[in-house]
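Here it is, the structure in full.
The values are calculated or read from the model by the stated rules, or taken from the named source; none is laboratory data. Fair warning: this is a prediction, and the values are worked out from it, not measured in the lab. With ideal geometry, Cβ positions are generated from the backbone for all residues, glycine too; neighbour counts draw on all protein chains shown. Note: areas computed on protein heavy atoms with side chains; ligands, DNA, RNA excluded. Shrake-Rupley method; radii C 1.70, N 1.55, O 1.52, S 1.80 Å.
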Amino acid sequence: MSTTAVSPASSAFPRSFYVANGMEIFERLAWYGFFTVSSVYMTTPVDQGGVGFTESQRGALQGIIPFFLYILPVITGALADRYGFKKMFLLSFAIMAPSYYLLGQASSFGGFFLAFFAVALGAACFKPVVQGTISLTTNAHNRGLGFGIFYTMVNVGGFIGPFVAGYVRAISWDAVFLMSALWICINFFPAAFLYTDPRDPEQADAQASKSLKQVLQEAQQVLGNARFAMTIFPCIILLMCAGADWLSYPLAFGGIVAWLVLNVVWNKFASDAEEAAWWQQRIRVSNVPFAIYLGILSGFWAVYNQLFYTLPLYLRDYIDTADVIAFISFFGQSAVDFFAIVNVDALTDKLQSLASQDVTTSLEKLRLELVHLKVMVPEAEIATALEAIRQGSDARDIALQWQQNYRQVNPEYIVNIGFALIIFGQIAVSYVCQRFKAINVIIAGVIIFVLGLLVALTSGSVALGGGTIVLAVVMMSFGEMVTVPKSQEYVANIAPKNQAALYMGYYFVSMALGFLFAGLLSGWGYGTVAKEWGQPGLMWVIFAGIGLVTSAGLWWFNRRYVKR
């Protein structure tokens, strides 16, 4: 197998770089086609095509499953170094394609959990290999630009996928999952016939000669020994159980404290000898700065993912996007019908059902039921309309009036603005940022993202709520453009050449922790703080506070480790 890795002085990208970027587009089409509507789908009632999960169930799924998606690359990246990049690509597509289809067929929490986990397993096989390819087909002269191009391709898929999903979900939710499966199937061709492994043949042969046990041991030792892993993972499992409502949070946190105290005591009597049994060894962190960097960066991912976990629900339930629709109307009625489609038949049936229910039901509860049908109707109007239907008025006439007066833009389309900005702006931003130190750029990007969260806080209390939330998405997307490629570049710069996929796999540890915290925060923040307490503004303040703590942690990391 011939190498396609670029020479140190070359600024050109080889074919494998472009093939990997192409496959990334289709994988992101599949993921974001589902992911950007996942919060809406999971909380939509069964009679409207969703699965009707509670906010805590949704938060648990969005925290636990992506955690495994981003933690498993630690293992799958090592397996890719051992068995070859092409084989891992093909395996990932063979797992993901049927799993996306099954995800749309699941109706119970358990069935959805298993199908979602299978999607995560396939994606975990894909991620370290595609990023390992980008790392090995770039060099010190063009790595910043290379990762900028790669992140642009991520967002090409992220931009188109939700548009397709938003269109086909008006036909059927099943079509969303079928499209995701189709996008993955397309990737079999470039993986099988166009892609070549970019590793140096000698390095590839050396990795292939290692036993599976040796490969897994090397993967584990990048951050620490088995004692370190066994100290951390039970704490994470307890958090997951609390997020899924299998344990109370006080009980979970009590268990975490007890386990950590036990390990501290245990460590006092442990052995320093490497030949001792793993459980007899002291806790050892192999690469302390790398571990701290990943831990701090998880704070960014925890707040970043609120863009997908919480913002679509906040938009659907609290933000009147009439001002955005007024702007869209300048492009014609067909544009309004595309971006703010309302199923009049479903709305008519819902009005007839509500009119027949107990008149003591709170109007706020009725309003929150109606937003699932993409209309945001004032409570007084709801009361008047239901009474009129009870007196004999035609529910369909009222539904047509509401379609005209109270229709709302699909949340995924507003979130999608961020993908469009990144497509057209990422390469330019990466070009400007490549002249600055990576860690300084990351700090600036996190702060910009936090400012976007604070703008989202104000969107519920201003007249132009839709326009304000668009501004918030723009600011968050700019923060993302600044932060994410540089955070990946930093890891690529410190990774040994023969362990590129492994180190890029470990980069996903920060994302795994961030996704876990994001899901649990979203379930609690939106379900409890925003809806039960009636304080959505406080929810955004909490998210912004976590972002500020993250930026302060990165500033400390820079002073403590990077400047040395």
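Tell me, yes or no, whether region 483-492 has at least one residue that is aliphatic (A, V, I, L, M), open to solvent by 10 Å² or more (accessible area, probe 1.4 Å) and at pLDDT below 95. Show your work before the answer.
Of region 483-492, the ones aliphatic (A, V, I, L, M) are 484, 491-492.
The next check asks that each one be open to solvent by 10 Å² or more (accessible area, probe 1.4 Å); those that pass are none.
No: zero hits.
So residue 235 clears everything in (1) farther than 29 Å from residue 489 by Cα; (2) open to solvent by 80 Å² or more (accessible area, probe 1.4 Å) except one condition, right? Which one?
(2)
Please go through region 510-545 and pick out each residue that is surrounded by fewer than 22 Cβ atoms within 10 Å (Cβ to Cβ) and in contact with a Pro (Cβ under 9 Å, 6 or more places away or on another chain).
Scanning region 510-545 gives a single hit, 529.
Anything in region 286-304 that is open to solvent by less than 50 Å² (accessible area, probe 1.4 Å) and either without any contact (Cβ under 8 Å) to a residue 24 or more places away in the chain or of a type in the set (A, V, I, L, M) (or both)? List them, or say none.
291, 292, 294, 296, 297, 302, 303
Would you check if residue 13 is open to solvent by 20 Å² or more (accessible area, probe 1.4 Å), hydrophobic (A, V, I, L, M, F, W, C) and modelled with pLDDT of 90 or more? I'd like the intermediate steps shown before the answer.
Working: open to solvent by 20 Å² or more (accessible area, probe 1.4 Å): yes; hydrophobic (A, V, I, L, M, F, W, C): yes; modelled with pLDDT of 90 or more: no.
No.
Inspect all residues belonging to region 450-470 and state whether any of them is in contact with a Lys or Arg (Cβ under 9 Å, 6 or more places away or on another chain), surrounded by fewer than 21 Cβ atoms within 10 Å (Cβ to Cβ), outside any helix (DSSP H, G or I) and touching a residue at least 60 places away in the same chain (Cβ under 8 Å). Give the steps one after another, and end with the answer.
Here is the first cut: in region 450-470, the ones in contact with a Lys or Arg (Cβ under 9 Å, 6 or more places away or on another chain) are none.
Scanning region 450-470, I find no residue that is in contact with a Lys or Arg (Cβ under 9 Å, 6 or more places away or on another chain), surrounded by fewer than 21 Cβ atoms within 10 Å (Cβ to Cβ), outside any helix (DSSP H, G or I) and touching a residue at least 60 places away in the same chain (Cβ under 8 Å), so the answer is no.
Sticking with this structure for a sec: Look through region 401-420, keep the residues that are aliphatic (A, V, I, L, M) and buried (at least 21 other Cβ atoms within 10 Å of the Cβ), and return whichever of them is farthest from residue 141 (Cα to Cα).
Step one: of region 401-420, the residues aliphatic (A, V, I, L, M) are 409, 414-415, 417, 420.
From the residues that got through so far, the ones that are buried (at least 21 other Cβ atoms within 10 Å of the Cβ) too are 409, 414-415.
Numbers: 409: 43, 414: 36, 415: 34 Å.
Across region 401-420, the extreme among qualifying residues is 409.
How about region 37-65: which of its residues are in a helix (DSSP H, G or I) and either among the polar types (S, T, N, Q) or surrounded by fewer than 20 Cβ atoms within 10 Å (Cβ to Cβ) (or both)?
Narrowing region 37-65 to residues in a helix (DSSP H, G or I): 38-43, 46-48, 55-65.
Across region 37-65, the qualifying residues are 38, 39, 43, 46, 47, 48, 56, 57, 62.
State which residue is modelled with the highest pLDDT when the search covers only region 189-202 and only residues that are of a type in the set (Asp, Glu) and surrounded by 15 or more Cβ atoms within 10 Å (Cβ to Cβ). Spell out the reasoning first.
Step one: of region 189-202, the residues of a type in the set (Asp, Glu) are 197, 200, 202.
Those still in the list that are surrounded by 15 or more Cβ atoms within 10 Å (Cβ to Cβ) too: 197, 200.
Numbers: 197: 86, 200: 74.
Applying the filter and picking the extreme gives 197.
Okay, next question. Out of the residues in region 136-153 that are over 22 Å from the mean Cα position of the chain (by Cα) and hydroxyl-bearing (Ser, Thr, Tyr), which is nearest to residue 428 (Cα to Cα)?
138
Residue check, residue 479 against (1) open to solvent by less than 10 Å² (accessible area, probe 1.4 Å); (2) touching a residue at least 40 places away in the same chain (Cβ under 8 Å); (3) in contact with a Phe, Trp or Tyr (Cβ under 6 Å, 6 or more places away or on another chain), all met but one. Which one?
For residue 479, the failing item is (2).
In region 143-188, how many are closer than 19 Å to residue 503 by Cβ and open to solvent by less than 10 Å² (accessible area, probe 1.4 Å)?
Within region 143-188, residues that are closer than 19 Å to residue 503 by Cβ and open to solvent by less than 10 Å² (accessible area, probe 1.4 Å) number 3.
Follow-up question, since we're still on this one. Looking only at residues in region 67-108 that are farther than 30 Å from residue 51 by Cβ and touching a Phe, Trp or Tyr at 6+ places or on another chain (Cβ under 8 Å), which one is surrounded by the most Cβ atoms within 10 Å (Cβ to Cβ)?
Here the residue is 77.
Now for a separate question. Could you tell me how many of the residues in region 418-443 are farther than 20 Å from residue 153 by Cα, more than 21 Å from the chain's Cα centre (by Cα) and touching a residue at least 12 places away in the same chain (Cβ under 8 Å)?
5
Still on this structure, please answer the following. Taking only region 397-434 into account, find how many residues are part of a helix (DSSP H, G or I) and closer than 28 Å to residue 486 by Cβ. Let's see the steps before the verdict.
Residues of region 397-434 that are part of a helix (DSSP H, G or I), as a first pass: 397-406, 411-433.
Right, trim to closer than 28 Å to residue 486 by Cβ and you get 412, 414-433.
Qualifying residue count for the region: 21.
Examine region 374-392 for a residue that is in contact (Cβ under 8 Å) with a residue 40 or more places away in the chain, open to solvent by less than 10 Å² (accessible area, probe 1.4 Å) and either assigned by the TED database to the domain that holds residue 474 or outside any loop (DSSP other than H, G, I, E, B) (or both), and state whether such a residue exists.
no
Any idea which residue in region 350-361 is modelled with the highest pLDDT, counting only those that are open to solvent by 60 Å² or more (accessible area, probe 1.4 Å) and farther than 10 Å from residue 389 by Cβ? Please lay out each step first, then the result.
Of all residues in region 350-361, those open to solvent by 60 Å² or more (accessible area, probe 1.4 Å) come to 352, 356-360.
With farther than 10 Å from residue 389 by Cβ added as a condition, the list becomes 357-360.
On the way: 357: 81, 358: 72, 359: 68, 360: 71.
Only one residue fits best here, namely 357.
Can you tell me which of (1) within 23 Å of residue 51 (Cβ to Cβ); (2) outside any helix (DSSP H, G or I) is the one residue 347 doesn't meet?
Here residue 347 meets the rest and fails (2).
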